[in-house]
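Trainee: What follows is a single structure, and I will ask about it in a moment.
The values are calculated or read from the model by the stated rules, or taken from the named source; none is laboratory data. Computed from a predicted model, the values in this text were never measured in an experiment. Cβ atoms come from the backbone with ideal geometry, glycine included; neighbour counts cover every protein chain shown. We work out accessible area using only protein heavy atoms, side chains counted, and drop any ligands, DNA or RNA first. Shrake-Rupley method; radii C 1.70, N 1.55, O 1.52, S 1.80 Å.
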Amino acid sequence: MMPPLDFLPETLIMHENKHFALSSELISELLLEMRLRGVQYRRLQTGSEFGVGFSNRAGHAYFHYIAVGTALLRTNDGTLHELKAGSMVFMPQGEDHQLISDVSRPFQHIDTLGAAPLGEAVSGINTCPSSHPTPSTVLFYGCMEFDLGGMQGLGKLMPQAIVVEANEQLYPGLVPILGAMKFEICSGRAGFAGILARLAEVAAAMIVRGWIENGSENAAGLIAALRDPRLARAILAIHRDTGREWSVAELAAQSHVSRSVFAERFKSVIGIPPLRYAREVRMRIAGHWIIHDKLSIDTVALRLGYASQAAFSRAFKRINGYPPGAMRHRPARSGNTVTE
């Protein structure tokens, strides 16, 4: 059996391997908290000229996959992305945008286009003129609730649009997923709509993981902490034991550094003190249990180790500005179950 990492002799190579192992373990733990719930899927077939608009959806992410043809993605700041067959786009902020055939083409909102049901939560839209028996572009679109649980802060660091090409080296696991999506879109076999929806959710989750691992070199905050073994140990402990009332000394011990060094490093990288981070994670998880898992406030308080519902409610309100009982009556927003 391999000895614990802490007892391995430190060489440069082994230090890098240990860093990678810690980061991978933490990323895996954080991804367990992520939830992608498809709320609307469309298979869209168009002629050579088209324009489709998508509105801002707080708390949601957009997913587009081009199976056949080409398209331009225009984001709300005017940036254009050229998409071709095999391209996939993930938009974690849920901001308004358009898919157009050319920059001068006007667009219609997706919800104004007639759709025919293809299966559960999936519909088909065909704007291809009758004079074009074969569509020029075929794409699959998804709108998903995007909940990152305790790592909600990552969502704010992600770019407007993450574009992945069919041969993208940073996301090798996506190649077979996208290939399967193209097959399902074009074959129309029995049950293809439901399979497409599930594949889209898997592909989106892989994009989030790939961005954390490979595409976020310049990001700060939590991303930088994921790459710092001293902080990664403490953050992993917080996410694994959300009900524990951590002390700075205990978290510093997890990181194998002094209390003062740990506290200073944590705040400089994350932007808030470690105990504030631990409390925010706890309340994000609490909000998720209340809203999505439909747990009672008493049950949530017990799970998180509070002596009473009243004590939990006071702690929740200190972080969020409102009591946990008000969550079920608040409008959905930005994919967070609680405020940042």
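Trainee: Taking the range 188-212 as the search range and keeping residues that are open to solvent by 50 Å² or more (accessible area, probe 1.4 Å) and either basic (Lys, Arg) or free of Cβ contacts under 8 Å to residues at least 40 places away in the same chain (or both), which one is farthest from residue 68 (Cα to Cα)?
Mentor: Within the range 188-212, the match that is farthest from residue 68 (Cα to Cα) is 209.
Trainee: Also: Under 6 Å between Cβ atoms, which residue pairs at least 6 apart in sequence (or on different chains) link something in the range 230-249 that is within 22 Å of residue 307 (Cα to Cα) with a partner that is at pLDDT 85 or above and in a loop (DSSP other than H, G, I, E, B)?
Mentor: If the second residue must be at pLDDT 85 or above and in a loop (DSSP other than H, G, I, E, B), the pairs left are 243/304; 243/305.
Trainee: Return the only residue of 174, 157, 170 being open to solvent by less than 30 Å² (accessible area, probe 1.4 Å) and either more than 30 Å from residue 279 (Cα to Cα) or modelled with pLDDT under 85 (or both).
Mentor: Result: 174 is the single residue among 174, 157, 170 that is open to solvent by less than 30 Å² (accessible area, probe 1.4 Å) and either more than 30 Å from residue 279 (Cα to Cα) or modelled with pLDDT under 85 (or both).
Trainee: I've got another one for you. If you go through the range 238-252 one residue at a time, do you hit one that is assigned to a loop (DSSP other than H, G, I, E, B), at pLDDT 90 or above and open to solvent by less than 60 Å² (accessible area, probe 1.4 Å)?
Mentor: yes
Trainee: Please find, among 319, 290, 285, the residue that is within 17 Å of residue 240 (Cβ to Cβ), assigned to a helix (DSSP H, G or I) and out of contact with any strand residue (DSSP E or B) (no Cβ under 7 Å at 6 or more places or on another chain).
Mentor: 285
Trainee: Within the range 258-272, count every residue that is part of a loop (DSSP other than H, G, I, E, B) and either at pLDDT below 90 or open to solvent by 60 Å² or more (accessible area, probe 1.4 Å) (or both).
Mentor: Residues in the range 258-272 being part of a loop (DSSP other than H, G, I, E, B) and either at pLDDT below 90 or open to solvent by 60 Å² or more (accessible area, probe 1.4 Å) (or both): 2 in total.
Trainee: Tell me which residues, restricted to the range 101-134, are among the acidic types (Asp, Glu) and either assigned to a loop (DSSP other than H, G, I, E, B) or loosely packed, with under 10 Cβ neighbours inside 10 Å (or both).
Mentor: 102, 120
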